[in-house]
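Notes for the one structure printed next.
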Amino acid sequence: MNRLEAVIFDWAGTTVDFGSLAPVRAVTRLFANRSIPLSDADVRRDMGLFKKDHIRRILERPHVSAAW
């Protein structure tokens with residue numbers, strides 16, 4: 001009989017945090033600390049990019065750029 005040695009889960013939204021709520025809340029809070037309100041849609045728009053690129057894209061939006 002073969003012995004099971006490992007089980008691998010894709011934790012990113014599969015078994016925990018369905019809908020990737022934690023990263024959305026973290027980015028929303030980051031900007032809120034600078035008095036820049038972001039909607040979930042603002043944050044989710046470029047979700048999936050490297051975080052550095054994701055933040056850059058958010059900063060390029062006119063209402064965010066003006067407030068920053």
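The values are calculated or read from the model by the stated rules, or taken from the named source; none is laboratory data. As the structure is a computational prediction, the values presented were derived from the model and not from experiment. Methodologically, a virtual Cβ is constructed for each residue, glycine included, from the backbone with ideal geometry; neighbour enumeration extends over all protein chains shown.
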Q. List the pairs whose first member sits in the range 33-45 and is under 15 Å from residue 65 (Cα atoms), whose second member is in a helix (DSSP H, G or I) and modelled with pLDDT under 90, and whose Cβ atoms are under 7 Å apart, counting only residues at least 6 apart or on separate chains?
A. 43/24
Q) Does residue 18 satisfy being in contact with a strand residue (DSSP E or B) (Cβ under 9 Å, 6 or more places away or on another chain), surrounded by fewer than 11 Cβ atoms within 10 Å (Cβ to Cβ) and either farther than 12 Å from residue 58 by Cα or modelled with pLDDT under 90 (or both)? A) no
Q. Of the residues in the range 23-47, how many are surrounded by 11 or more Cβ atoms within 10 Å (Cβ to Cβ) and under 13 Å from the mean Cα position of the chain (by Cα)?
A. 16
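Residues checked against (1) out of contact with any Phe, Trp or Tyr (no Cβ under 6 Å at 6 or more places or on another chain); (2) at pLDDT below 80; (3) assigned to a loop (DSSP other than H, G, I, E, B):
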site: 1; (1), (2), (3): yes, yes, yes
site: 5; (1), (2), (3): yes, no, yes
site: 8; (1), (2), (3): yes, yes, yes
site: 28; (1), (2), (3): yes, no, no
site: 31; (1), (2), (3): yes, no, no
site: 55; (1), (2), (3): yes, no, no
site: 58; (1), (2), (3): yes, no, no
